[in-house]
Amino acid sequence: MAKLAVGSLTVFNHEVQEWSLYKDRLEQWFLANDIGEDDKKNKRRAILLSNLAESTYRLVRDLALPSVVGELPYNTVIELLDSHFKPKKCGFAERFRFHSATQRPGEKLTEWAARVRSLAAYCGFTATTLDEALRDRFVLGMAPGPERDKLFTRKMDELTLSAALDIAENIRCARTGSQQTSSQASQADASGQEPLQVFKVQATPAPKRGAAAEARQQASGARPSAASGAASCAACGYTNHQIETCKFTRYKCKQCGKKGHLKRMCPSKNVGGQHFIECCADGEDCDIYDDDVFAA
């Protein structure tokens, strides 16, 4: 009975895939399926060649000439592919890309840290300078904000890339949590829940007017008092419109003889101790004496 393979191995096409990544996955697949390097039957070579796309297999065959690729050891085939696909890098150009890199808009801190590490792959940093270079690029290239400001306050000799990432992530989580709680508090206020009031001053309600006086005002159409809070027309005194649309602005006052208002709204209305009110609401400026005023 054939043994089932652990994991899956895809076909490699050099036109759309990266050889270094595929080779790492291939080595792990060999390890998971217990296919060692001392295999006498060259199963590794056979598995590799059988999982190459047609264009890639043709390329390997041409690289192996005048030898036959199917007769070469596995390590020789790997060396042919490594030498062909090994990227040609300029050290100064790679370091320029590394030192000029910055965090992109919307890029997470973990993604930015991973990109910094990948940019340093071909820069030629030594083991003693790599950690310092990674830390400096991560902090200096970080987007402005509370995380970057906090890292600037730390001592350089106590900070590594991993420590800087951990501090920045803690600050980001705390800031996000604070924003969420503030948003929930704002929504609670908008839902109609009034905050607790220690001192609350209420305005004293104005005394009620007498029923007789209220009825006389409604019958005469006199403008309301200021206590009612309604804005009245300066031409007629009614409160259901503004002076711009009032028809009484075309009427002539019988008190002062000027056009633009009724007698009851005339500035010189109180003459000789007599108080006038209007009894008609159809635009005719007919006036009567207010007996209640004289009786008072």
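Quick notes
- Of all residues in the stretch 122-149 being free of Cβ contacts under 8 Å to residues at least 12 places away in the same chain and in a loop (DSSP other than H, G, I, E, B), the one that is farthest from HIS99 (Cα to Cα): GLY145
- Among the residues making up the stretch 150-166, those that are surrounded by fewer than 17 Cβ atoms within 10 Å (Cβ to Cβ) and assigned to a helix (DSSP H, G or I) are LYS150, PHE152, MET156, ASP157, GLU158, SER162, ALA163, ASP166.
- Scanning the stretch 1-53 for residues that are of a type in the set (Phe, Trp, Tyr) and over 41 Å from the mean Cα position of the chain (by Cα), we see that the one that is surrounded by the most Cβ atoms within 10 Å (Cβ to Cβ) is PHE30.
- Where a residue in the stretch 31-52 is within 12 Å of VAL69 (Cα to Cα) and its partner, wherever it lies, is part of a helix (DSSP H, G or I), with Cβ under 6 Å and at least six apart: ARG45/TYR74; ARG45/VAL77
The numbers here are math on the coordinates, done by the rules we state, and not lab data. This is a predicted model, so every value here is computed, not measured. Neighbour counts are summed over all protein chains in view; Cβ atoms, including those assigned to glycine, are modelled from backbone coordinates with ideal geometry.
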